[in-house]
Each structure stands twice: as structure tokens, then as C-alpha cells.
Amino acid sequence: MIPDPQNKRLAVLVDFDGTITTRDMGDLVVEEFAEPGWESLLDLYRAGEINVREIWAREMKLLRKDREAEAVARCLDVAEIREGFSELVDYCNSNAIPMEVASSGLDFYVDAILAANGFGDLPRVRPVTKYDSDGRGFMVMDEGVEDCGMTAMCKCARIWRLRRMGYRVMFIGDGISDACAVTQADIVMATGRLRATCTEKGIEHTPFESFHDVLDVVKT
């Protein structure tokens, strides 16, 4: 890694689904708890006719308030935290390195999984799930969190916020919703589909399989 000539302090921004967790829990929620119709939305997405923000918004309309508790229980039963995440969190806390979870996943399962695994105090931004009078889901953002017409929650805005505060930003991710963020971060750690995206676009990155790999880079 090239040393930062300005000696800026490091901040860490990390995706949730498929990054902190080994499995995309949002996909699980839709596949197991959404009403019929999500399959056709997935076909439209794969055909390039709708983007991440559009498919997520449409899928949420197929989620029902009366099944949220069941969905949370299922997520808690199957979610696995990627190896080394606890050590990374502990190191960042011990060394005053700001760390934030930036997720396009929904608050009810993101918050529950983090809390159940001892990370309930970890700062995070993610869409908030609301329900209309018929119990159909829709997303809103917390105050100060920017929406994105491409990927739901704007991860680039979170990077820009930290950079304005004088930090050098490491972004850690795995998928399509991270493709914009990696163009803005100072340091990129990529796994899963994001590795291929970085390679295709010529974005400098370090591959990782566990957060032990990430921690090794953070320590440098």
C-alpha cells in the first residue's frame, strides 16, 4: 500500500449483505417472505430494464408487515458473520478509527443481526422500512441519509462525508450496490462480484476472503 502523503486518519465504511454476512440476507427475505411476483422483477433486473433501486422498491411492495417478525427470526437463524469481523471492530474501536456500516439492506434485519452478534452499537446507515395502511412495505431514509436513484442508500455520500471531515476512507464491499462507492474511496477491499467489477473497470483494490485480510491492511 502506498503511504498517504498527507498522513490523514483512516475511516472504514463497510457494506452489510454478503460482506459482513456471508450470505445476502435481503435476497433471503424476498425469496422466502415476499408475495409472488418477485421472480419476474428479478428477470427485469437481470435484463437491465430496472436498476437496484427500482427492483428493491418494487420488491418491498411485496413484503407484508405481518411477516416482518417471522423474517427477522429466519434471518437470525441462518445469518453468519464473516470471519474476523469482530477483530476488525475491536481494532478500530481501540485505535479510534471511525467505522460505519453502509447498507442498501433493510433496517429490520440489518439491525437485528448486528445486535444479535454483539454489534448493536456499531454506527450504521440503511433504508428504513415503513408500511402503508394495507401493510405493504416501502422504504424511507433517516434524516441526513441520501437516497440514490441507482442503489437505494447513497454510499458515495457517506464516503464524501468522511472525506470532508478529513479522513482517508477505506470501503469494504462485495456487490453491485457497491460499484459506485469504490470509485470514490481511497482504499478498496473487494470480495464476491465486486472483485470482478473492480477488475473490469480498472479500479485498484485488494481482494479479501475474511476480515482478517482486511485487518492486515488496516494495520498498515
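The values are calculated or read from the model by the stated rules, or taken from the named source; none is laboratory data. In this text, all values refer to a predicted model and were calculated from it rather than measured experimentally. Please note: Cβ atoms are built from the backbone with ideal geometry, for glycine as well, and neighbour counts cover all protein chains shown. We work out accessible area using only protein heavy atoms, side chains counted, and drop any ligands, DNA or RNA first. Shrake-Rupley method; radii C 1.70, N 1.55, O 1.52, S 1.80 Å.
Numbers for the structure displayed
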item: Amide proton proximity set for Thr206, modelled H, under 5 Å, gap of 5+; result: Val188, Met189, Ala190
item: FRET efficiency, Glu143 to Ser94 (Cβ-Cβ, R0 25 Å, nearest 0.05); result: 0.25
item: HN-Hα J in Hz across segment 77-90 - Karplus 6.51, -1.76, 1.60, θ = phi - 60°, x for Gly and Pro; result: 6, 10, 5, 10, 7, 4, 4, x, 5, 4, 5, 5, 4, 4
item: Percent of Cα-Cα distances greater than 17 Å, calculated over segment 162-210; result: 26
item: For segment 205-220, Karplus couplings with θ = phi - 60° (6.51, -1.76, 1.60), whole Hz, Gly/Pro x; result: 7, 10, x, 8, 10, 10, 6, 5, 4, 5, 4, 4, 6, 4, 5, 7
item: Segment 76-186 - percent of accessible surface contributed by carbon and sulfur, probe 1.4 Å; result: 44
item: Amide H contacts of Arg168 (H built 1.01 Å from N, under 5 Å, at least 5 apart or other chain); result: Arg9, Leu10, Ala11
item: Whole-Å distance, taken between Cα centres, linking segment 197-220 and segment 42-95; result: 22
item: Quarter of the Cα convex hull surface for segment 120-216, i.e. its orientation-mean projected area (nm²); result: 8.1
item: Cut-off under 5 Å, modelled amide H: who pairs with Arg124 long-range; result: Val101
item: Viscosity 0.890 mPa s, temperature 25 °C, Stokes-Einstein D of segment 37-102 from Kirkwood C-alpha radius, µm²/s; result: 160
item: All-pairs Cα distance distribution in the chain, expressed in whole percent, bin size 5 Å; result: 1, 7, 15, 19, 21, 17, 11, 6, 3, 1, 0, 0
item: Sequence-separation-based contact order of segment 116-209, relative, with Cα cut under 8 Å and 6+ spacing, percent; result: 16
item: Over 22 Å [Cα-Cα, segment 1-127], rounded percent; result: 44
item: Kirkwood hydrodynamic radius (C-alpha pairs) into Stokes-Einstein, segment 1-61, 25 °C and 0.890 mPa s, D in µm²/s; result: 172
item: Within segment 122-158, backbone nitrogen closer than 19 Å to the virtual label 7 Å beyond the Cα of Asp66 toward Cβ; result: 130-138
item: Point-to-point label distance, Asn7-Arg168, nm (Cα→Cβ direction, 7 Å offset); result: 1.2
item: Relative contact order for the chain, counting Cα pairs under 8 Å that sit 6 or more residues apart, in percent; result: 25
item: Pairwise label distance in nanometres, Glu200 with Met150, each label 7 Å out on the Cα-Cβ vector; result: 1.3
item: Estimated inter-spin distance, Glu87 and Ala47, nm [label 7 Å along Cα→Cβ]; result: 4.7
item: Calculated Rg and Dmax of segment 74-120 using C-alpha coordinates, Å; result: 11.6, 35
item: Equivalent ellipsoid semi-axes, segment 60-161, via Cα gyration tensor eigenvalues times 5, rooted, Å; result: 26, 19, 10
item: Value at 222 nm in deg cm²/dmol, rounded to 500, when DSSP H runs of n ≥ 4 in the chain each add -39,500 (n - 2.57); result: -11500 deg cm²/dmol
